[in-house]
1. Calculate what fraction, in whole %, of the accessible area of region 608-742 sits on carbon and sulfur atoms when a 1.4 Å probe is rolled over the protein chains.
2. Measuring from a point 7 Å past the Cα of D441 along Cα-to-C-beta, which residues in region 354-380 have an amide N at less than 19 Å?
3. Which percent of the accessible heavy-atom area of region 379-453 goes to carbon and sulfur, probe 1.4 angstrom?
4. Using r as the Cβ-Cβ distance of E287 and M324, and R0 as 25 Å, what FRET efficiency do you calculate, to the nearest 0.05?
5. If you find the alpha carbon centre of region 342-389 and of region 618-658, how far apart are they in angstrom?
6. Can you tell me the order of 469-478, 106-115, 291-300 when each peptide is scored by its average per-residue count of other Cβ atoms within 10 angstrom, highest first?
7. Which cross-chain or sequence-distant (5 or more) residues have an amide H under 5 Å from the amide H of T701, H modelled 1.01 Å from N in plane?
8. Show me, for region 715-722, the HN-Hα J-couplings you get by feeding each phi into the Karplus relation (A = 6.51, B = -1.76, C = 1.60, θ = phi - 60°), rounded to Hz, glycine and proline as x.
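The values are calculated or read from the model by the stated rules, or taken from the named source; none is laboratory data. Note that the coordinates shown come from a computational prediction; the quantities given were computed from them, not determined experimentally. Here Cβ is always computed from backbone atoms with ideal geometry, including for glycine, and neighbour counts include all displayed protein chains. To get the accessible areas, we keep the full protein, side chains included, count just its heavy atoms, and leave off ligands, DNA and RNA. Shrake-Rupley method; radii C 1.70, N 1.55, O 1.52, S 1.80 Å.
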Amino acid sequence: MKDTKDGITNDKLSKSSSVSSLPLILDIDDFKGDFSFDALFGNLVNELLPSFQEEEADSLEGHINIGGSDAFPNGHLRVPSDATRFAPSLSSPLFPEVDKLLSLFNDSSKELTDLRTQIDGRLHNLKKEVSVQDSKHRKTLAELEKGVDGLFGSFARLDSRISSVGQTAAKIGDHLQSADAQRETASKTMELIKYLMEFNSSPGDLMELSPLFSDDSRVAEAASIAQKLRSFAEEDIGRQGIAVPSMMGNATASRGLEVAVANLQDYCNELENRLLARFDAASQRRELSTMAECAKILSQFNRGTSAMQHYVATRPMFIDVEVMNADTRLVLGDQGVQGSHSNVARGLSSLYKEITDIVRKEAATIMAVFPSPNDVMSILVQRVLEQRVTALLDKLLVKPSLVNVPPMEEGGLLLYLRMLAVAYEKTQELARDLRAVGCGDLDVDGLTESLFSNHKDEYPEYEQASLRQLYQAKMEELRSESQQISESTGTIGRSKGAAVASSHQQISVTVVTEFVRWNEEAITRCTLFSSQPATIAANVKAVFTCLLDQVGQYITEGLERARDSLTEAANLRERFVLGTSVSRRVAAAAASAAEAAAAAGESSFRSFMVAVQRCGSSVAIVQQYFANSISRLLLPVDGAHAASCEEMATAMSSAEAAAYRGLQQCIETVMAEVERLLSAEQKATDYRSPDDGIAPDHRPTNACTRVVSYLSRVLESAFTALEGLNKQAFLTELGNRLQKGLLNHWQKFTFNPSGGLRLKRDITEYGEFVRSFNAPSVDEKFELLGIMANVFIVAPESLSSLFEGTPSIRKDSQRFIQLREDYKSAKLAAKLSSLWPSSS
C-alpha cells in the first residue's frame, strides 16, 4: 500500500481524470506499529476530494459569471438569491466523486477481508509451530533436570569426601602439633633437669651454674627458669612429705631436692636484690623503660609484691621525717598547738590537696612502669592513709577524759568535737579524691572509717558531755554577770536591789537560741559521723534530749527566780501590816513602806509576766526547731518521733507548773494591792454623803479610780505576755477574785440613796474595765453587782419586786440590804423575812 500511496502522491491526477480508475492496494505493514484509522482513511480519500472541488469550481465559472460567489471546500456553491432561477438548468451532480469513493471503499473492504484471511492462516501456522517447539522445550528441560540432579549428587559426594579428608588432615595436624609440643616440652624438661642438677650439686654452691644464670642480658630468662625449678622442687618435696617415709629412694630424692630448693631460694633472693638495685638506680635517673623492664621481671617473684612494696616504701613522703614535721606545722601551726577549727580546716585542705597531687604524679609513673598498676596504687594509697594521715590525726585528735574534762578556757570538749568533725570531713574528701585518682581494689572508704573508729565509738557520750559543759559554763557566766550587777548596786535598798538583780536574771530568748544553736551544731555532727538511719536517729534523740533538759531547767529556774521576787514582795507587804492603835508617825512610816512594797510587787508582777512571755517564746523556738530539723531524722525509727514528743512535753511540764504557781501569786499580788488601795482611798462618806441639798456626785470614787488605774497599768504586761487559753484562764480567775474582793470591801460601808448611786457608778467603772478581759462569766457577775446596787437606791416598799427576775442573787442582795442606812429605821429585816421566808 505504501507503493500505491507513493504513486498517488507523486503522480497528481488531473482535474478531469477519475479517481476510481486507480487501483487500491493495502499492505499488512500499514497495520503495524502505531496504527490509526483516521490516517488510513485520510490516505484513501484525501486524493479524491481536492480534485472534485477544483472541477466543481471550473464548471461553475463556465456557465455562470457571478461576482463575489464562493465555493465551499465540500463542493456546495453559494449564489445570490436572484440567480436561483437558473438552478434547474444545472445538469451535472453536486458530488460526482461518490461513485469513485464507493468503488474505493468496496475494493478496500475486499482487500481487508483478504488480509484477514492471510493473517488467520499465518496465526494458525504459528500456533502449530509454537506447540511443536513447546513440546521440544519441555522435553529438553526434563532431560536437563535429570542431569542437574545427578550433578548435585556428585557434588555432595565430593563435599563429603573433602570434609573427610580435611578432618583426617586436621587430626594429623593435631597429632603433629601435640608431638611437637611434647618434643619441645621434653626438650625443655631435659634442660630444666640439667639446671636442677646444677642447683642440686652442693648446698650454697652457686659458682658452677650455667652462664645463663650470671648473664645480665638474660636476667628475665634466668628468673623464669629459676621460678619453674623452684616450683617443681617445692611441689616434689610436698608430694614426698605426704608419701610413706619408709621408702628410702623417695627419701633420698627428697633430701636432694631440698638442697636444690635451698640453692634456688638463695639464687632467687640474690637475683631479686640485684634487680631491685637496678630498679632503684633507674628510679633515681627516672629511666622509666629500665624500671618497667625490672618491674616486669620482678613480677615473677611473688607476683611482684616485693618490687611494689619496695617502690612505695622508698617514696620521699614516707622516709623523710621533715615531711611529717611539715604536715604538723601546716595543720597545727609552728608551735604544734591546736588553733581554731577553721584554721585546722584550711590547713587540712592544703595538706590533703598536696597529698593528692603527689599521688597523682606517682600514679603516672606507676602506670608507665608496673605491669599491675592497680596493685601498686592500692599499696600506695593504703600507705598514705595508714602512715602519713594517721600520724597527723594522732597529733590532731587527742581524746580528752570525760572524768576531768578540759576547761572551757582551753576550748573544752567542744574544741575536740569540732576538730574531730573537721578532720573526718576533710579526710573523707581526701578519700574521694584518691579514689578518683585510682586505688585499685582497696576499700578506701572502709580504711578511712577505721582511722576514726576509736573516736566514733564514744562520740555520743562526748557530744552529750560537751552540751552539759556548755550549759554549765553559760549558767556560770550569767550568775557572774548577775553578781557583778548586784555588787554594783550595794548602796541601793534591799528590795530595789533585789528587783534589779532579778531583772538581770530574767529568762533570755537569746540564751535559749544559743542552746538551740549548740544543739544544731551537734546534730550536724551526728549526721556527719554516720550514714545509718537507725544510728543517726539514736544519736539525734540523745542530743535533742539534752536540749530539752537544758531549756526545761533554764526556763523553770527563770520562772522560779521570778516567783521569788513575787514571794519577797509578799513578805514585804506582810511586814508592814499594822494594828489599829498606832501613832500617826508610825502609821505614816508604815504607809510609806507599804507604798514601797506595792512598787516591789508591781515590778515583780511585770518581771514574772516577762518571764512567762519569754518562756513561751523559748518553748516555741524549741518546737519549731524540732519540727524543722529533728523530726525528719527520727522518722526512720519506729516510735522515736512519738517518744521525743513525749519527752518534750515532760521536760516542759515543770516549767508549766512553775508558771501556774507564779500566775497564782500574780493574782494574789494584784488583789493585795487592790485591797490596799481600797482600804487607803475609800472613805465612809463616799457612799453616805450628807443630805445638804447639793447635787450628788456622779463621778467614780477616788478609790475606784485608783484601783482601775492600777489594774490598767499592771495588767498591760499580762495582756502582752499571755495568749490563748492561758490568758483567758488567768483573766477569768482575776475577774472572779476582783468581784469577790469588791463584795467583801463594800460590806464595810453603809449606803444612803446618793451613796448607792456612786456605788453603781463605781460598779459601772469596774465592769467597763473587766470587759477587756473577754470573759463572759466575769461580765455577768459585774452586771449582777450593778443590779444589786439598786437596793440602796429604791424605796423600801419596792425591794420586794427588785429581784423578781434574778432570784439567784437574792442571798447577796439581802446582805446588801442590811447595809442600807435606813435598814433599822425602816424595819427592813421584818419586811424581808415576810417577803422571803425561805431565805431566812
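1. Values: 3440 of 6610 Å².
The nonpolar share, carbon plus sulfur, comes to 52 percent.
2. 367, 370-380
3. C and S atoms contribute 48 percent here.
4. E between E287 and M324, to the nearest 0.05, is 0.30.
5. Region 342-389 and region 618-658 have Cα centres spaced 46 Å from each other.
6. Per-residue mean Cβ counts within 10 Å order the peptides as 291-300, 469-478, 106-115.
7. The list, which skips near neighbours in sequence, is D762.
8. 7, 4, 5, 5, 4, 7, 7, 9
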